[in-house]
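Worksheet for the structure shown next.
The values are calculated or read from the model by the stated rules, or taken from the named source; none is laboratory data. The structure displayed is predicted, hence computed values, not measured ones. Ideal geometry is used to build each Cβ from the backbone, glycine not excepted, and the neighbour counts take in all protein chains shown. All accessible areas refer to the heavy atoms of the entire protein, side chains included, with ligands and DNA or RNA removed. Shrake-Rupley method; radii C 1.70, N 1.55, O 1.52, S 1.80 Å.
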Amino acid sequence: MSVRVYTGPHADRRRGRRRSSLRAVPVVLALLTIALQIAWPLTTGAVRDVLTAVTVVVFFLASATHAIVVRGAAWAAGWFLASAGIGLAAEVLGTRTGSLFGSYAYSGKLGPELLGVPLVIPLAWAMMSYPCLLAARRLVRSPLATAFIAAIALASWDLFLDPQMVSQGAWTWTAATYQHLIGIPGVPWQNFAGWLCVSFVLMLVLDRLPRRNHDGSVPPDGTPALLLTWTYASSVLLNVVFEHRPGVAVWGGVVMGLVVVPYLVRVWVDRP
């Protein structure tokens, strides 16, 4: 007995509605991420600690769902395993040896830990690696150039992140002789160098993932572009208005802007 499956216009419309609904998920999560980050400087203490972890999880889910919807589950799985895996390995090595980022330790404020590293930390590596990779891919084609530009974008985020998290007490460097990094006591320059090296290796691996879908199309990157742009602009604003760290705003704004500004220009030029 044969079974007939209806494939007429009504079925096509239903499939189209399902695709549209799925594409809306990362957009909603990206907007929720922005709302949580807006709320962050308005909180203090334990509420801020919880909000930090929640924001990372929601940002990660925005990146992950976008990767799944527009690039496929296999692509997203490869991205997650590489980014979270390399990020976790670097943090475990860093906390145990001090050889990558300097001698530092987590305070326990960021929630459950694996091998001495808060679970949200590898998620943070993954969530930002996604828009940074896509930005570099939009700007250049060479694998080495892509890895280098994406590494600058990802490592420059740390120029904002470490002063913010150190002041919150999420982690500290344990050597008292460390020089100040852009006005924040106890953050070594080695930390940025370590981020840049790990980010470069990570992006070399991630760029092995296909740039195009099976049908030859280039997946859209509107939602990751929004997240990267917001991260850049809001980090500058946070340090100028709320944290009163103009040096952080200048350093981070200049270095991260080396990638974000040309990327936004390219997005505007390439718009439909």
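Distance between the C-alpha centres of the stretch 209-268 and the stretch 35-51: 22 Å, rounded to the whole angstrom.
With the simple model of a label 7 Å out from the Cα in the direction of the Cβ, Ala233 to Leu22 spans 3.0 nm. Membrane-span-like helices in the chain (whole DSSP H runs, Cα extent of at least 30 Å along the helix axis, mean Kyte-Doolittle hydropathy of at least 0.5): 45-71, 73-97, 143-168, 246-269.
The gain in end-to-end length when the Val241 to Ala193 segment is fully stretched comes to 14.5 nm, 0.36 nm per residue minus the alpha carbon separation. Along its first, second and third principal axes, ordered by size, the chain spans 77, 40, 36 Å in Cα coordinates. For the chain, the solvent-accessible area of protein heavy atoms averages 49 Å² per residue (probe radius 1.4 Å; ligands and nucleic acids excluded).
Label reach from Asn213 (point 7 Å along Cα→C-beta): in the stretch 225-252, amide nitrogens under 19 Å belong to 225-226.
In a shell of Cβ-Cβ distance under 15 Å around Leu159, excluding Leu159 itself, what net charge do Lys and Arg (+1) and Asp and Glu (-1) give? Local net charge: -2. How much FRET efficiency would the formula 1/(1 + (r/R0)^6) give for Val265 and Ala145, where r is the Cβ-Cβ distance and R0 is 22 Å, rounded to 0.05? So the FRET efficiency works out to roughly 0.80. Once both labels are positioned 7 Å from their Cα atoms along Cα-to-Cβ, the gap between Val47 and Thr97 label points is 4.3 nm.
Under a 5 Å amide H cut-off, with hydrogens placed 1.01 Å from N, Val117 pairs with nothing among residues at least 5 apart or on other chains. Shown for the chain: the carbon plus sulfur share of the solvent-accessible area, taken with all protein chains present and a 1.4 angstrom probe, equals 69%.
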